[in-house]
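One structure is given below, encoded as structure tokens.
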Amino acid sequence: MHIREIVQATALPVNADFLNGFADTPEGVAANVKLCVGTGVAGLSVEDNSQDPAAPLYEKNLAVERIRAARAAIDASETGAVLTGRCEAWLVHDPTPLRTALERLAAYAEAGADCLYAPAVSNPDEIVQIVKTVAPKPVNILVSGFNHQLSLSQLTDLGVRRISVGSGLALAAWGAFVRAAQDIKTNGTFNLLANNAASGDLNQLFRGKS
């Protein structure tokens, strides 16, 4: 974990993807959340993916208590860090992901999550149902290859209040890399290098001068 180094490297607020809190029990989650917010993060997310193939989501009551424990740890820290409650129903291929997400996200909101998040939901009607179920608390939506057709304005109209791209930008860069490499290998041409980012622009960007 390099959360503190990332926080110290930028003046922008940093949100930590804190996975399952690196613990199964509420007590373990609370202890680890205390350490995380101590790094200076502006927020963190706790998900209900148990990493157990036989039961990929924590039992609902346990999942709720884990969020409640994270909330208590943040409140005790007096840092004001934003707690995002994540339901991984779509990512673990739950047989009824929308129903599972609606039930759990509502419970996570009640347990103290500031923001609610169900990664990989892409159907606009389902997004609206999530937004309405947890209102007035905000909903985060992940945008990537599976729902890239949804624009910022469309998501705003659906009631989404926060948007993340996860690994999307890195995957876009790697996609361009692979396509260019395949073009060189297959066709012996370098046409896909024509739209490369200029080195000078990148240097300015990483120096914070853009």
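All of the numbers you see were taken from the coordinates with simple rules; none came from a lab. None of the values given here were measured: they were computed from a predicted structure. Positions of Cβ are backbone-derived with ideal geometry, glycine not excepted, and every protein chain shown enters the neighbour counts.
Within the chain, the whole DSSP H helices whose Cα atoms reach 18 Å or more along their own axis and whose mean Kyte-Doolittle score is at least -1.0 are 60-77, 97-110, 168-187. Placing pseudo-labels 7 Å out from each Cα toward the beta carbon at residue 164 and residue 6 gives an inter-label distance of 0.9 nm.
For residue 199 and residue 156, a Förster radius of 30 Å and the Cβ-Cβ distance give a FRET efficiency of 0.25, rounded to the nearest 0.05.
All other residues whose Cβ lies under 15 angstrom from that of residue 26 are scored, Lys and Arg at +1 and Asp and Glu at -1, for a net of -2. With the simple spin-label model, which puts each label point 7 Å out from Cα in the Cβ direction, the residue 191 to residue 17 separation comes to 3.4 nm. Summary: within the chain, the longest segment free of trypsin sites (Lys or Arg not before Pro) located in DSSP loops with at most 10 other C-beta atoms within 10 Å is 1-206. When a/c is below 1.5 the answer is rounded, else prolate if a/b is larger than b/c, else oblate, so apply that to segment 3-166 with a ≥ b ≥ c taken from the square roots of the Cα gyration tensor eigenvalues. In terms of gyration-tensor shape, oblate.
Of all DSSP beta bridges confined to segment 16-119, the antiparallel ones make up roughly 10%.
Let me know the charge dipole size of the chain about its Cα centre in debye, to the nearest 20, where only the beta-carbon of Lys, Arg (+1) and Asp, Glu (-1) is charged.
Computed charge dipole of the chain: roughly 560 debye.
Around the amide H of residue 141, modelled in the peptide plane, lie the amide H atoms of 162, 163, 164, all under 5 Å away and 5 or more residues distant in sequence or on another chain.
Counting only DSSP beta bridges with both residues in the chain, the antiparallel share comes to about 5 percent.
What number, rounded to the nearest 500 deg cm²/dmol, is the helix-based mean residue ellipticity at 222 nm of the chain, given -39500 (n - 2.57) per DSSP H run of at least four residues and division by all its residues? Don't skip to the answer; put the middle values down first.
Values: 8 runs with 96 residues, N = 210.
Estimated from H runs of four or more residues: -14000 deg cm²/dmol.
Between residue 52 and residue 148, the C-beta separation translates, for a Förster distance of 22 Å, into a calculated FRET efficiency of about 0.10. Taking other C-beta atoms within 10 Å as the exposure proxy, 83, 150 rank 150, 83 from fewest upward.
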